[in-house]
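*Asks:* Below: one structure in structure tokens.
Every number here is computed from the coordinates shown, using simple stated rules; none is lab data. These numbers were taken from a predicted model, which means no experiment stands behind them. Because the Cβ atoms are built from the backbone with ideal geometry, glycine has one as well, and the counts that use them run over all protein chains shown.
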């Protein structure tokens, strides 16, 4: 069974600074997907970024980028120029297939606070 | 935009009651999921469905059942609610197409069982 570990339960960062959230996972699969989801306080969970394991290039979405190290089974999220609106719970998630009928396996989450 | 709607944001129920949590999606997605979210535990899969009337158990199905009579609606049923089922429940949906594996989430239902 796959497992996802987020070792930082809480983090804080000053506005405009850069912060990195850690995620490691364990799997015997070769092709899989990794995700970062964001859950703002009292609001809906939304996708931040998605990485396909067979792609060498790290995914980026505006201020959000990942450092995907397949051999090390590591998938960290970097947030540049942090904004107050980035305050949220962040979940790292694993999916063992490209098919949409495959459930996600989530980490326990990292609560990020952006401080003015 | 994909919309996943959960019928209630907050629910308070008594121990032993039968509880229905409803989820509706408007994007004709084949797949729907129910997760439970608890502090320090992340999200855990209860059940999912990949087609009408089809269902698969997740990691923590005990005490729950589901119903999917129509493609757009996926219901989670607590047959006899217990206090340890007090939690946040999240519904999600995704398309069935290859590489279309992004899950879209509802706003969640916070259930308190007293």
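*Asks:* Suppose R0 equals 35 Å. What FRET efficiency, 1/(1 + (r/R0)^6) with r the Cβ-Cβ distance, do residue B:70 and residue A:115 give to the nearest 0.05?
*Replies:* 0.15
*Asks:* Also: In square nanometres and to one decimal, what's the mean projected area of the convex hull around the Cα atoms of the protein assembly as shown? Can you show the working numbers first?
*Replies:* Details: hull surface 49.1 nm².
That works out to 12.3 nm², a quarter of the Cα hull's surface.
*Asks:* Sticking with this one: Quick check: pseudo-label points 7 Å beyond the Cα along Cα→Cβ at residue B:60 and residue A:60, how many nm apart are they?
*Replies:* Placing both labels 7 Å along Cα→Cβ, they lie 3.8 nm apart.
*Asks:* In whole Å, what are the extents of chain B along the principal axes defined by its C-alpha atoms, from largest to smallest?
*Replies:* Taking max minus min along each principal axis of the Cα atoms, chain B gives 42, 28, 24 Å.
*Asks:* Still on this structure, please answer the following. At 4 °C and 1.567 mPa s, grab the translational diffusion coefficient of the range A:3-115 from Stokes-Einstein with a Kirkwood Rh over Cα pairs, rounded to a whole number in µm² per second. Show your work: numbers first, answer last.
*Replies:* Details: Rh = 14.1 Å.
D, rounded to a whole number, is 92 µm²/s.
*Asks:* Of A:88, A:72, A:59, which is the most mobile in a GNM of chain A whose springs link Cα atoms less than 10 angstrom apart?
*Replies:* Comparing A:88, A:72, A:59 in a Gaussian network model of chain A, the most mobile one is A:72.
*Asks:* Find the percent of Cα-Cα distances in the range B:39-99 that exceed 17 Å, and round it to a whole number.
*Replies:* 43
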